[in-house]
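Data first, discussion second: the structure below is written as structure tokens.
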Amino acid sequence: MAGSTLEIKNLHVTIEDKEILKGVDLTIKGGEFHAVMGPNGTGKSTLASAVMGHPKYEITEGSIHLDGEDVLEMEVDERARAGLFLAMQYPSEISGVTTSDFLRSAINAKREEGDEIPLMKFIKEMDSTLDALEIDKNMAQRYLNEGFSGGEKKRNEILQLMLLKPEIAILDEIDSGLDIDALKIVSKGINQMRSENFGCLIITHYQRLLNYIEPDYVHVMMQGRIVKSGGPELAQRLEAEGYEWIKEELGIEDETVGQNA
Amino acid sequence: MTVVTKLPYDKDYIDQFSKDKNEPEWMRNFRLQALEQAESLNMPEPDKTKIGRWNFSKFKHTATGEAVTALEDLPSELQDFFDADKKPENLLVQRNHSVAYASLSDDLKEKGVIFTDIFTALREHGDLVKKYYMQDAVSMDEHRLTALHAALMNGGAFVYVPKNVQVDVPLQAIFWQEDPEVSMFNHVLVVAEENSSLTYVENYLSHNDNEETVANVVAEVIAKENANIDFGGVDNFAAGTTAYNNRRGVAYRDGVIDWALGAMNDGNTVNENITHLIGDNSVSNAKTVSVGRGKQTQNFTAKIVNHGLDSDGYILQHGVMKEQASAIFNGIGKIEHGATRANAEQESRVLMLSEKARGDANPILLIDEDDVTAGHAASVGRVDPMQLYYLMSRGITEEEAERLIIHGFLAPVVNQLPIESVKQQLTQIIERKVY
């Protein structure tokens, strides 16, 4: 089997009665890296949260399927166990729970009872991933995200990604708050994940990240829809020319959600 | 309204009890005086909790317990308190009101450290006990419960560390109310002389889910100049025991008293933890965690009084309330006039797990000095849905996510307990009480 397929069709999402997504269609297959770009306030992060099942977002229309299974019927934890992962923009701080204990619980959540990851194997995997991401080993014993700097939180999200090995990952603004060195390290980690069995959706409004993680497909989001799709060259044009030309091409005046063309 | 708490124990009884224990005369007189005062003193009035109808009078005063020669002979329910591969060198096990097991390393004995049950201490170190017993920390005549405690004291421990002695291994005491109806008027007195340090950990436990009785427990902890005391305690009285638990500290110049208390009783409980930072530059970190369940009502008061210059007090109270349990958490930081540059910080948080549970956090700062710092944080709420979402997004079930969050919430005390087995045992209690 060559990886999983995440199929988003005509997705409409509201938060507190405000419609943010107005019909998103997107299909991500194992082996593919997609980038969703767009200015702030166009619905990119809403898409990520809606797929994962954020409690505040309500799906009013459309569907999400993972390998034919109805994702919208699943609880958040079931979605994760089915193979979805979201690297969050603002991960929660969990006081009193060490990063290491949390990671082991998360890894074991996917495994059968009685087939838990042996402790030594876990420590070995965690240590080598910490090294790969150039994270200080003492992070494992710190409470999850508590007192972490913005950059540490992002690295921790990627640490989780690499250890949990999902089928389809969504990375929500994983580049924000990272300096160029950290960005390179994190990108290296994400690139290591590349395989036929791993599909990835990268959400960003800077092309910068895409210099290090080359996407196969690039989508531009405005007004809660994907308004343009293309290959890596689209990202490069956006970097060079900004978003204005797309707005002109499509006759959009205000790209944010709540405005209609 | 005062509920008359008629005691079945009179002057003659107490006189005889004291004689049977071969107590010094001052102690016998002190008890009799306390008994007399108990009749006229009022019950304490913990803020926002009515204790008028709680059982403070129905109990059997004393019972003996069987001694053992080896730790292995203790019942299995006590084995959990010891690290299997690392036998405690310094241990006191009190079974009802008898010493079941007691040991203190030769090294510490040679250094003059005293760690013994309270009756042995009264006989062998009477003057030393007299100097501190209900003098500087808790007064006998504060209210009826302290007076009754003084009159009926029937167990406890005395810990004494001489000047300049550092005790590097924890001293551990286990107070086991084996008889379901027997009372625990336990008195623990910890004195650390100048430049000394020690770690002391105590456990209380009982199994009387149905039989009613009373625990009226006092701990007095004295840190002299530059002494450092780590005090850990886990209370686990069963539902039938009404508990009044008063742990109080007095720290002199550069003295430090750190408390890590797991309040895990299943019955109605008044829990009071007060530390007086008398000396300049003295410090106290007072941490209490609790889990309330069933229909129990609890009242927690954590208070630090800054008297000394640059004294530093930090209070943390975390409570988890489920079913119909209710609890009041009073956090009081009091800075006396003249305590320049004192600091009083506190944090009280209550996590509610059910609709019917009640919790209330009352942060209070009383400040009589200008040049100080103080702060408080208080919250009462449910498990944060965003934390649940985050953990669940990694595949962890909702139940397991909640479990992680609750254990994390109670970790400030669990992690601070210096004995691994006691830590694990508290974790087990939390697990049992929450699920």
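The values are calculated or read from the model by the stated rules, or taken from the named source; none is laboratory data. Model, not experiment: these values are computed from the prediction. As a convention, Cβ positions derive from the backbone with ideal geometry for all residues, glycine included, and neighbour counts pool all protein chains shown. Heads up: the accessible areas ignore ligands, DNA and RNA and are worked out on the full protein's heavy atoms, side chains in. Shrake-Rupley method; radii C 1.70, N 1.55, O 1.52, S 1.80 Å.
Out of the residues in the range B:402-424 that are under 21 Å from B:Y435 (Cα atoms) and surrounded by fewer than 16 Cβ atoms within 10 Å (Cβ to Cβ), state the one that is farthest from the other protein chains (Cβ to nearest Cβ).
Among those residues, the one meeting the criterion is B:Q424.
Do you know which residues across the range B:289-346 are assigned to a loop (DSSP other than H, G, I, E, B), in contact with a Ser or Thr (Cβ under 9 Å, 6 or more places away or on another chain) and surrounded by fewer than 24 Cβ atoms within 10 Å (Cβ to Cβ)? Steps first, answer last, please.
Initially, the range B:289-346 is screened for residues assigned to a loop (DSSP other than H, G, I, E, B), giving B:293-296, B:307-311, B:322-325, B:336-342.
Now narrow it down to the ones that are in contact with a Ser or Thr (Cβ under 9 Å, 6 or more places away or on another chain): B:295-296, B:307-311, B:322-325, B:339, B:341-342.
Within the range B:289-346, B:K295, B:Q296, B:H307, B:L309, B:D310, B:K322, B:E323, B:Q324, B:R341 qualify.
Give the residues of the range B:366-393 that are open to solvent by 60 Å² or more (accessible area, probe 1.4 Å), away from chain A (no Cβ under 14 Å) and under 24 Å from B:F329 (Cα atoms), sorted by residue number.
Result: B:L366, B:I367, B:D368, B:T373, B:H376, B:V380.
So, in the range B:89-101, how many residues would count as being within 21 Å of the chain's Cα centre (by Cα) and open to solvent by 30 Å² or more (accessible area, probe 1.4 Å)?
So the count comes out to 1.
The conditions are (1) open to solvent by 60 Å² or more (accessible area, probe 1.4 Å); (2) within 11 Å of another protein chain (Cβ to nearest Cβ); (3) within 19 Å of B:L261 (Cα to Cα), and B:E399 fails exactly one of them. Which is it?
Here B:E399 clears every test but (3).
Consider only pairs whose beta carbons are under 7 Å apart and that are at least six residues apart or on different chains; among these, list those whose first residue lies in the range B:112-132 and is under 18 Å from B:N29 (Cβ atoms) and modelled with pLDDT of 95 or more and whose second residue is open to solvent by 20 Å² or more (accessible area, probe 1.4 Å) and part of a helix (DSSP H, G or I).
Correct list of pairs: B:K130/B:W26.
State whether one or more residues within the range A:130-142 are within 14 Å of chain B (Cβ to nearest Cβ) and touching a residue at least 24 places away in the same chain (Cβ under 8 Å).
yes
Is there any pair with a first residue in the range A:96-117 that is among the acidic types (D, E) and a second that is surrounded by fewer than 20 Cβ atoms within 10 Å (Cβ to Cβ) whose Cβ atoms are under 6 Å apart and which are 6 or more apart or on different chains, and what are they?
A:E116/A:N108
In this structure, is A:S92 touching a helix residue (DSSP H, G or I) at 6+ places or on another chain (Cβ under 9 Å), within 12 Å of chain B (Cβ to nearest Cβ), open to solvent by less than 80 Å² (accessible area, probe 1.4 Å) and farther than 30 Å from A:K18 by Cα? Steps first, answer last, please.
Values: touching a helix residue (DSSP H, G or I) at 6+ places or on another chain (Cβ under 9 Å): yes; within 12 Å of chain B (Cβ to nearest Cβ): yes; open to solvent by less than 80 Å² (accessible area, probe 1.4 Å): yes; farther than 30 Å from A:K18 by Cα: no.
Spelling it out, it is not the case that A:S92 is touching a helix residue (DSSP H, G or I) at 6+ places or on another chain (Cβ under 9 Å), within 12 Å of chain B (Cβ to nearest Cβ), open to solvent by less than 80 Å² (accessible area, probe 1.4 Å) and farther than 30 Å from A:K18 by Cα.
Can you tell which of A:S105, A:S128, A:S100 is over 25 Å from A:A182 (Cα atoms), in a helix (DSSP H, G or I) and not charged (D, E, K, R)? Step through it out loud before you land on a result.
On the way: A:S128 fails: over 25 Å from A:A182 (Cα atoms); A:S100 fails: over 25 Å from A:A182 (Cα atoms).
Selected residue: A:S105, the only one of A:S105, A:S128, A:S100 that is over 25 Å from A:A182 (Cα atoms), in a helix (DSSP H, G or I) and not charged (D, E, K, R).
Report, by residue number, each residue of the range B:394-435 that is closer than 22 Å to A:E146 by Cα and part of a loop (DSSP other than H, G, I, E, B).
Residues satisfying the conditions are B:R394, B:G395, B:I396, B:T397, B:N415, B:Q416, B:L417.
For the range B:46-74, give me each residue that is out of contact with any strand residue (DSSP E or B) (no Cβ under 9 Å at 6 or more places or on another chain) and in a loop (DSSP other than H, G, I, E, B).
B:G52, B:R53
So for the range A:147-154 (the condition being away from chain B (no Cβ under 14 Å) and touching a strand residue (DSSP E or B) at 6+ places or on another chain (Cβ under 9 Å)), does at least one residue qualify?
For the range A:147-154, residues away from chain B (no Cβ under 14 Å) and touching a strand residue (DSSP E or B) at 6+ places or on another chain (Cβ under 9 Å): present.
List the residue pairs whose Cβ atoms are under 6 Å apart, where the first residue sits in the range A:60-79 and is without any contact (Cβ under 8 Å) to a residue 60 or more places away in the chain and more than 14 Å from chain B (Cβ to nearest Cβ), the second is among the polar types (S, T, N, Q) and open to solvent by less than 80 Å² (accessible area, probe 1.4 Å), and the two are 6 or more positions apart or on different chains.
Going by the 6 Å Cβ cut-off, the qualifying pairs are A:T60/A:T14; A:G62/A:N10.
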